[in-house]
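Notes follow once the structure below has been shown.
Nothing in this text is a laboratory measurement; each read-out follows from the coordinates by a stated rule. For clarity, every value in this text was computed on a predicted model and none was experimentally measured. Here the Cβ is made from the backbone with ideal geometry for all residues, glycine too, and neighbour counts use every protein chain on show.
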Amino acid sequence: MGRLGGMDSRAIGIFDSGFGGLTIVRALVDLVPNESLVYLGDSARYPYGSRPSSEVISFSHQIAQYLVSAYDIKMMIVACNTASAVALDSLTQRFRVPVVGVIGPGARSAIRASQSGRLGVIGTVGTIASGAYQNAIGSIDPSIELTCAACPGFVEFVEAGETDSEQVMVLAARLLHPVSSAKVDTLLLGCTHYPFLARTIQNVVGRDVVLVSSAEETAFEVKEILEKTSLSAPIEAKGEYLFLTTGDPERFQELGHRLLGPELNGAKKVDLTGDKR
Ligand code: DGL
């Protein structure tokens, strides 16, 4: 298959609690423009990061089942660290399509980027408390000196479209203090919403710290799996994009367009509340 592409034109399903997974969509649109994508942002129920893990697991299974049944997706990307941290194993067991999370790719990119071995990871309360990054990084390189910090409030600012305000700056200065004082040389943005706050985060930690997101590495992993499993779309195909939200579709379109770019030019409302699948 490889460079010639394949025959499978079905879409790849991607989900997140809201706009964060659009950072993964951006990387996929650029790396595999022949693949069609269907994205679901669960805006009506964000943030996931402060919810009990049982609830995040249940939402993730509900969304995954919906994408499989309604769109016959050929692969699933859990474009949310909080959901990847707690639901990836059970999703992989339950669904027959390949399921890709963002924790492994994020951990690999950050370790590769760090020169000093002093690494910071920031994420939601749920992600940091799950220990998923601590385990993933420790199992790749136990010599890494890891400093983790939860950043409650960051996701809410992004969902409100407020990525560059004085208030975010003040919050960031307080929450990022532990990673700054640990003198990390690399900071992994362990929440898919955080790349939208990159400018603020960079201002706070300083220009010498390399910010790493899991988006590119996740997209590379997706490409590799598509090729290995013969699930790639024809190389000459032009990917089509569908955006779904459990929240207000007009708002999703308006802010999503600003965050992702011209590929997001419409959004459709889905109601999962009565969906028992
Ligand atoms: N983008 C999600 C993540 O990567 C944010 C979770 C939330 O809604 O709190 O963790």
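From the phi angles alone, apply the Karplus equation (6.51, -1.76, 1.60; θ = phi - 60°) to the stretch 149-157 and give each ³J(HN,Hα) in whole Hz, x where the residue is Gly or Pro.
Karplus-based 3J(HN,Hα) across the stretch 149-157 equals 9, 7, 10, x, x, 4, 4, 4, 5 Hz.
I'd like the orientation of helix 22-31 relative to the chain: the angle between its Cα long axis and the longest Cα principal axis, in ° from 0 to 90, rounded to 10.
For helix 22-31, the angle is close to 60 degrees.
Excluding same-chain residues fewer than 8 positions from Lys223, which lysines have a Cα within less than 16 Å of its Cα?
Straight-line reach from Lys223, under 16 Å: Lys74, Lys238.
Summing Lys, Arg as +1 and Asp, Glu as -1, what charge do residues with Cβ under 11 Å from the Cβ of Gly20 carry, Gly20 excluded?
-3
Between 0 and 90 degrees, rounded to the nearest ten: what's the tilt of helix 103-113 against the longest Cα principal axis of the chain?
Rounded to the nearest ten degrees, it is 50.
Once Rh is set to the Kirkwood radius over Cα pairs, what Stokes-Einstein translational diffusion coefficient, in µm²/s, holds for the stretch 76-186 at a temperature of 37 °C and a viscosity of 0.692 mPa s?
Taking Rh from Cα pairs, D becomes 217 µm²/s.
Let a ≥ b ≥ c be the square roots of the eigenvalues of the Cα gyration tensor of the stretch 12-61; is it rounded (a/c under 1.5), or, if not, prolate (a/b larger than b/c) or oblate?
Judged from the Cα gyration tensor, the stretch 12-61 comes out prolate (a/c at least 1.5, a/b above b/c).
Can you tell me the orientation of helix 166-175 relative to the chain, as the angle in degrees between its alpha-carbon axis and the longest Cα principal axis, to the nearest 10?
Compared with the principal axis, the helix lies near 70 degrees.
Just the number, please: percent antiparallel of the DSSP beta bridges in the chain, rounded to the nearest 5.
Percent antiparallel among DSSP bridges in the chain is about 5.
Could you tell me whether the stretch 122-277 comes out rounded, prolate or oblate from its Cα gyration tensor? Rule is a ≥ b ≥ c as square roots of the eigenvalues, rounded for a/c under 1.5, then prolate if a/b exceeds b/c, otherwise oblate.
It comes out oblate by the Cα gyration axes.
Measuring from centroid to centroid over Cα atoms, what is the spacing of the stretch 29-64 and the stretch 149-173 in Å?
21
Quick one: order Met7, Met76, Met169 by neighbouring beta-carbon count within 10 Å, fewest to most.
Lowest count first: Met7, Met169, Met76.
How large is the convex hull of the C-alpha atoms of the chain per residue, in Å³?
Each residue corresponds to 120 Å³ of Cα convex hull volume.
Among the aspartates and glutamates, which fall within straight-line cross-link reach of Lys268, defined as a Cα-Cα distance under 19 Å, with same-chain neighbours fewer than 8 residues apart omitted?
Here the aspartates and glutamates satisfying the reach criterion relative to Lys268 are Asp16, Asp42, Asp72, Glu159, Glu240, Asp248, Glu250, Glu254.
Quick one: compute the contact order of the chain, relative version, from alpha carbon pairs under 8 angstrom and 6+ residues apart, as a percent.
Once divided by the residue count of the chain, the mean separation gives 29 percent.
Let me have the relative contact order for the stretch 155-277, percent, based on Cα pairs under 8 Å that are six or more residues apart.
Contact order relative to length: 19 percent.
Considering amide H positions built from the backbone, and no H for Pro or chain starts, which residues 5 or more places from Glu35, or on another chain, come under 5 Å of its amide H?
For Glu35, whose amide H was placed from the backbone, the distant partners under 5 Å are Gly239.
Ranked by Cβ crowding within 10 angstrom, fewest neighbours first, how are Ser60, Ser143 ordered?
By the 10 Å Cβ count, ascending: Ser143, Ser60.
How large is ³J(HN,Hα), in whole Hz, for each residue of the stretch 214-226 in order, when computed from phi with the Karplus curve 6.51 cos²θ - 1.76 cosθ + 1.60 and θ = phi - 60°, using x for Gly and Pro?
Whole-Hz 3J(HN,Hα) from phi for the stretch 214-226: 8, 4, 5, 4, 5, 5, 5, 5, 4, 4, 5, 5, 4.
List the residues, sorted by chain then number, that are 5 or more residues from Lys268 or on another chain and whose placed amide H is less than 5 Å from its amide H.
Residues meeting the criterion, in which the H sits 1.01 Å from N, are Phe243, Leu244, Thr245.
Scan around Val210 for amide H atoms under 5 Å from its own, H built in the peptide plane at 1.01 Å from N, and keep only partners 5 or more places away or cross-chain.
Thr186, Leu187
What's the Kirkwood radius of the stretch 1-152 in Å, using all Cα pairs?
For the stretch 1-152, the Kirkwood estimate is 16.3 Å.
Using a 10 Å cut-off on Cβ atoms, rank the peptides 26-37, 80-91 from the highest mean neighbour count down.
Put in order of decreasing packing, that is 80-91, 26-37.
What list of ³J(HN,Hα) values in whole Hz, one per residue of the stretch 126-134 in order, does the Karplus curve 6.51 cos²θ - 1.76 cosθ + 1.60 (θ = phi - 60°) give from phi, with Gly and Pro shown as x?
Coupling constants for the stretch 126-134: x, 5, 5, 5, 5, x, 4, 6, 4 Hz.
Run lengths n ≥ 4 of DSSP H only: what is the helix-derived mean residue ellipticity at 222 nm for the chain, with -39500 (n - 2.57) per run over all residues, to the nearest 500?
Result for the chain, helices only: -13500 deg cm²/dmol.
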